[in-house]
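A.B. asks: I'd like to ask some things about the structure below.
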Amino acid sequence: MESFFGLTKEELKNRGGLTTAEEIFQQPTVWKETLSIIIDKKDELSSFLKVVMKEEKLKIIFAGAGTSGYIGDTLIPYLKKVLKGVKVESVHTTDIVSYPEIYLDKDTPTLLFSFARSGNSPESVAAVELAEDLVDNLYQIIITCNQNGKLAQNAGSEKTKLILLPEESHDKGFAMTSSFTSMLLSTLLLFNLENVDEKLDEIETIIKNAKNILTNTEIIEELSASDFQKIIYLGSYSFHGLAKEAALKILELSAGKIITRYDTPLGFRHGPKSIIDKNTLIVFFLPSNKHARKYEMDLLRELAVEKDGYKTFVISGKKDTEIEKISDYSVFIELDNNKIDESFNSLNYILYAQVLALLESLKHGICPDNPSPDGSVNRVVKGVKIHPYIKKSI
């Protein structure tokens, strides 16, 4: 009988988690389709970006709400590195809608990326409308999983490009899983169009790694059985944004029963470390960067010495015998970060957090496909009233 993550399809169906499990498991296949979509549109997208990047004093904004906002947070460190001289920001649509005058400048050429699973959330639609109203020279790239969403339906301008991701990525479950990674992958590819052919082998390795992670989940099942009550995700560079998404995933799917926190490894010492007790699991998204890794290993060693009942789990792109010795759990994902930036590692790292969130949800008697049956939290946000913005001098 077919199973996912140590549970049969029948059991998952009966416990209200089959849709989420299938959407997590399908990601390698969806990534292949996403890769094909970007390669098919390579010339069109490359030509568009060349025009946009010629604009003087260009600003690029990556916008989304919730998980969609964390896509930008994950991308920004990498793009700041590769887009020298361009102002690059990740601004959640919830901030744009509240304070448009801070983020949208009339006289600054702006490329607005909109990330959206459904394309129907009130803030996502309102953020685009505000940008179109307030910015004189606006370009847009809309990346969405729903061809019938408002963002996709309204993407008709010559200065707007629409990237529709595979229909399967339009997650039907409560939590965004394959939608998050597909939008993240498509944007990473978008900024590697000129040499994407040279990176295909490594992208195939990422897909192969994902299949291996999702079919061999014993370590994640063991983590869930350890019965932690708090979880902290730590990461720097792109992995800081990823830590935000990882923390949100388990918070959502456990309906708040698991206390979550995210931080950078260095920032964690500055107060947040107080949250640790014997019921805590601390997860490291470890970088390959040699300089940054030294700081993160220092914290891991410190935690190993102070050991007081809590557990540590390290996810690393490099094999390291010391990590195996001083952490409670560790996994190593092979990827040549000399050929492809380590921000791409995020695609593999997040899978552990998604599966763990699913298992924790089930363990607490919650239905992952609908962890908030009373409607207090919705799959597509409801209850947001968009107020008219009265233009100021911006």
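A.B. asks: Filter the stretch 114-127 for residues that are under 23 Å from residue 48 (Cα atoms), small (Gly, Ala, Ser) and assigned to a helix (DSSP H, G or I) and give the result.
C.D. replies: Residues satisfying the conditions are 124, 127.
A.B. asks: Can you tell me which of 21, 65 is at pLDDT below 95, surrounded by 14 or more Cβ atoms within 10 Å (Cβ to Cβ), more than 14 Å from residue 193 (Cβ to Cβ) and under 23 Å from the mean Cα position of the chain (by Cα)?
C.D. replies: Every option except 65 fails the conditions.
A.B. asks: Follow-up question, since we're still on this one. Before we move on, is residue 331 out of contact with any helix residue (DSSP H, G or I) (no Cβ under 8 Å at 6 or more places or on another chain), among the hydrophobic types (A, V, I, L, M, F, W, C) and either assigned to a helix (DSSP H, G or I) or modelled with pLDDT of 95 or more (or both)?
C.D. replies: Taking the combined requirement at face value, the residue does not satisfy it.
A.B. asks: Of all residues in the stretch 165-193, count the ones that are among the β-branched types (Val, Ile, Thr) and not in a helix (DSSP H, G or I).
C.D. replies: Qualifying residue count, the stretch 165-193: 1.
Conditions tested, residue by residue: (1) in contact (Cβ under 8 Å) with a residue 60 or more places away in the chain; (2) assigned by TED's automatic domain parsing to the domain that holds residue 109; (3) outside any helix (DSSP H, G or I); (4) on the phi < 0 side of the Ramachandran plot.
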{"position": "129", "(1), (2), (3), (4)": "no, yes, no, yes"}
{"position": "142", "(1), (2), (3), (4)": "no, yes, yes, yes"}
{"position": "147", "(1), (2), (3), (4)": "no, yes, yes, yes"}
{"position": "152", "(1), (2), (3), (4)": "no, yes, no, yes"}
{"position": "158", "(1), (2), (3), (4)": "no, yes, yes, yes"}
{"position": "163", "(1), (2), (3), (4)": "yes, yes, yes, yes"}
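A.B. asks: If you go through the stretch 328-350 one residue at a time, how many are within 17 Å of residue 281 (Cα to Cα) and either in contact (Cβ under 8 Å) with a residue 40 or more places away in the chain or in contact with a Cys (Cβ under 7 Å, 6 or more places away or on another chain) (or both)?
C.D. replies: Of the residues in that region, 4 qualify.
A.B. asks: Scan the stretch 271-282 and tell me whether some residue there is surrounded by 15 or more Cβ atoms within 10 Å (Cβ to Cβ), in contact (Cβ under 8 Å) with a residue 24 or more places away in the chain and under 23 Å from residue 202 (Cβ atoms).
C.D. replies: The answer is no, given that none of the residues of the stretch 271-282 is surrounded by 15 or more Cβ atoms within 10 Å (Cβ to Cβ), in contact (Cβ under 8 Å) with a residue 24 or more places away in the chain and under 23 Å from residue 202 (Cβ atoms).
A.B. asks: It is to be established whether one or more residues within the stretch 220-230 are in contact (Cβ under 8 Å) with a residue 60 or more places away in the chain, surrounded by fewer than 18 Cβ atoms within 10 Å (Cβ to Cβ) and closer than 19 Å to residue 22 by Cα.
C.D. replies: Within the stretch 220-230, one or more residues are in contact (Cβ under 8 Å) with a residue 60 or more places away in the chain, surrounded by fewer than 18 Cβ atoms within 10 Å (Cβ to Cβ) and closer than 19 Å to residue 22 by Cα.
A.B. asks: Return the total of residues in the stretch 232-260 being hydroxyl-bearing (Ser, Thr, Tyr) and under 17 Å from residue 184 (Cβ atoms).
C.D. replies: 3
A.B. asks: Given (1) surrounded by 21 or more Cβ atoms within 10 Å (Cβ to Cβ); (2) more than 15 Å from residue 311 (Cβ to Cβ); (3) not charged (D, E, K, R), where does residue 258 come up short, assuming only one miss?
C.D. replies: (2)
A.B. asks: Now for a separate question. Do we find that residue 182 is under 15 Å from residue 354 (Cβ atoms), polar (S, T, N, Q), touching a residue at least 12 places away in the same chain (Cβ under 8 Å) and in contact with a helix residue (DSSP H, G or I) (Cβ under 9 Å, 6 or more places away or on another chain) in this structure?
C.D. replies: Here the answer is yes, as residue 182 does meet what is asked.
A.B. asks: Now, a different point. Condition first: touching a strand residue (DSSP E or B) at 6+ places or on another chain (Cβ under 6 Å) and hydroxyl-bearing (Ser, Thr, Tyr). Now tell me which residues in the stretch 49-77 satisfy that.
C.D. replies: Scanning the stretch 49-77 gives a single hit, 68.
A.B. asks: Okay, moving on. Pick out the one residue from 98, 46, 68, 90 that is farther than 29 Å from residue 240 by Cβ, polar (S, T, N, Q) and assigned by TED's automatic domain parsing to the domain that holds residue 165.
C.D. replies: None of the other options fit; the residue is 46.
A.B. asks: Tell me which residues, restricted to the stretch 87-124, are farther than 15 Å from residue 57 by Cβ, in contact (Cβ under 8 Å) with a residue 40 or more places away in the chain and among the β-branched types (Val, Ile, Thr).
C.D. replies: 97, the sole residue that qualifies.
A.B. asks: Additional query: May I ask you to list the residues in the stretch 360-394 that are within 18 Å of residue 250 (Cα to Cα), of a type in the set (S, T, N, Q) and at pLDDT below 65?
C.D. replies: The answer is 376, 378.
A.B. asks: If residue 215 meets every condition in (1) β-branched (Val, Ile, Thr); (2) surrounded by 20 or more Cβ atoms within 10 Å (Cβ to Cβ); (3) over 22 Å from residue 75 (Cβ atoms) apart from one, which number is that one?
C.D. replies: Looking at each condition in turn, residue 215 falls short on (2).
A.B. asks: Further, regarding this structure: Of all helices (runs of 4 or more DSSP H) completely enclosed by the stretch 194-310, which ones contain at least 3 residues that are within 19 Å of the chain's Cα centre (by Cα)?
C.D. replies: Once the helices (runs of 4 or more DSSP H) in the stretch 194-310 are filtered for at least 3 residues that are within 19 Å of the chain's Cα centre (by Cα), what remains is 200-215, 238-253.
A.B. asks: Follow-up. For residue 316, are the conditions met, namely being touching a residue at least 24 places away in the same chain (Cβ under 8 Å), touching a Phe, Trp or Tyr at 6+ places or on another chain (Cβ under 9 Å), in the same structural domain as residue 353 (by TED's automatic domain parsing) and of a type in the set (Ser, Thr, Tyr)?
C.D. replies: So residue 316 passes the test.
The values are calculated or read from the model by the stated rules, or taken from the named source; none is laboratory data. Please read these numbers as outputs of a predicted model, since none were measured by experiment. Quick reminder, even Gly has a Cβ in these numbers, built from the backbone with ideal geometry, and neighbours come from all protein chains shown.
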